[in-house]
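Working notes, structure below.
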Amino acid sequence: MESMEKLGIGIVGVGLWGRNYVRTLAESNACQIFVADVAEKNLKGLQDVRVVSFPELLAHDGIKALIIATPDNTHFPLAVQALEAGKDVLVEKPMALSVEEAEEMLLLAQRRKRIIAIAHTPIYSCSFDLLKSQIEGIAKKDIIRIEAVRTSQGRKNGSDVLWDLACHDLAMAISLFGLPKKAKTIRREHHTCQYKMIFNNDIEFIGIASWSDPPFHREFKVYTRERVYQFQEPIGAKGLKSNLPLSRMCSDFIRCSYTRARPLSDGVLGLNVIRCLTLLSQEGDEVKCSQ
């Protein structure tokens with residue numbers, strides 16, 4: 001990257017996660033950073049960035065890629081505008097709020113030959129790399145079940161706990177085992193939900209997502225006939241910057257913008273997560289998933 005011209009990259013929305021993106025990209029020294037945000041208070045204290053409007057981000061020839069870190073209901077319209085303007089896009093999870101929107105985003109990216117990545121950050125963690133390598137040689141028939149627990153602080157913007165928190169665990173499960181055959185929500189309340197999916201070879205996945213007070217709990221376990229393999233997401237842990245999931249995800253997005261390779265967490269994965277969330281949001285009996 002050092003021999004290449006810095007990638008012009010715009011960040012739309014600089015709230016909590018947007019500011020994390022700014023810091024991460026600044027540390028990488030691989031980008032020229034532009035930001036757009038409607039709240040002036042969010043722009044205070046940002047250094048080494050150029051503040052522009054969203055239309056300016058779209059029109060600027062030197063900006064090749066956009067990161068969309070805005071509220072969930074804005075992901076689809078902003079991503080569509082960015083793709084139509086010829087920008088590569090990294091959008092926060094969930095990529096959209098319906099299967100139809102997610103499909104439209106993916107098809108638009110394919111037609112425009114643009115990169116589309118979805119911010120399922122646990123996919124980029126070293127712990128998930130280890131989990132994948134540990135179960136790689138295990139026959140699917142020897143995997144009994146998967147359990148996932150994810151808790152975090154509740155939101156105040158009317159979002160849904162299932163769509164807010166289950167995204168990452170669904171992304172990991174789909175990355176490991178493909179789309180499930182069946183899905184069902186077991187219990188769903190305002191602050192918590194429990195859901196079940198059945199993958200090929202009748203592997204059962206039970207997930208719990210809850211808004212709660214700290215300390216937060218995030219783990220993903222794969223049970224086999226011999227032992228338990230565990231992904232545990234560090235919360236607030238510090239380590240080498242190159243090993244932090246957000247840093248690795250941004251590096252992957254930048255690399256793909258240069259090379260036109262497929263991101264590890266791409267639009268296909270994002271769409272499959274939306275498909276599962278949509279099925280889990282339906283009331284009633286267990287729903288069969290379309291392959």
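The values are calculated or read from the model by the stated rules, or taken from the named source; none is laboratory data. If you're wondering where the values come from, they're calculated on a predicted model, not measured in any experiment. Note that we place each Cβ from the backbone using ideal geometry, even for glycine, and neighbour counts take in every protein chain shown. Side chains are part of the model used for accessible areas, which takes the heavy atoms of the whole protein and leaves out ligands, DNA and RNA. Shrake-Rupley method; radii C 1.70, N 1.55, O 1.52, S 1.80 Å.
Some points to look at:
- The long axis of helix 75-84 is offset from the longest Cα principal axis of the chain by roughly 50 degrees.
- Spin-label pair Asn73-Glu226: with each label point 7 Å from Cα along the Cα-Cβ axis, the two points sit 5.1 nm from one another.
- Once both labels are positioned 7 Å from their Cα atoms along Cα-to-Cβ, the gap between Lys141 and His60 label points is 5.7 nm.
- Efficiency of FRET from Cβ geometry, Gln110 and Glu27, R₀ 30 Å, rounded to 0.05: 0.40
- Using the rule -39500 (n - 2.57) for each DSSP H run of four or more residues, divided by the residues of the chain, the 222 nm mean residue ellipticity is -10500 deg cm²/dmol.
- Correct option for mean projected area of the Cα convex hull in nm² [calculated from the coordinates] among (i) 20.6; (ii) 15.5; (iii) 23.4: (ii)
- Mean separation of Cα pairs under 8 Å and 6 or more residues apart, divided by the residue count, gives the range 1-157 a relative contact order of 17 percent.
- Solvent exposure of the range 119-226, expressed per residue, is 45 Å² of accessible area, with all protein chains present and a 1.4 angstrom probe.
- Carbon and sulfur %, accessible surface of the chain computed with the full protein complex present, 1.4 Å: 49 percent
- Alpha-carbon centroids, the range 48-78 and the range 94-173: separation in whole Å: 23 Å
- Two-site FRET efficiency, Thr259 against Ser212, from Cβ-Cβ distance with R₀ of 45 Å, rounded to 0.05: 0.65
- Fraction of antiparallel bridges per DSSP, the chain only, in percent to nearest 5: 50 percent
- Distance between modelled label sites at Glu100 and Lys6, nm, 7 Å Cα→Cβ extension: 4.3 nm
- Among the listed pairs Lys113/Lys181; Lys181/Lys221; Lys87/Lys181; Lys87/Lys221; Lys113/Lys141; Lys113/Lys140, those beyond 27 Å (Cα-Cα): Lys113/Lys181; Lys87/Lys181; Lys87/Lys221; Lys113/Lys141; Lys113/Lys140
- Loop-located GluC sites (Glu not before Pro) in the range 135-199 (DSSP state not H, G, I, E or B) with no more than 16 neighbouring Cβ atoms inside 10 Å: Glu136, Glu189.
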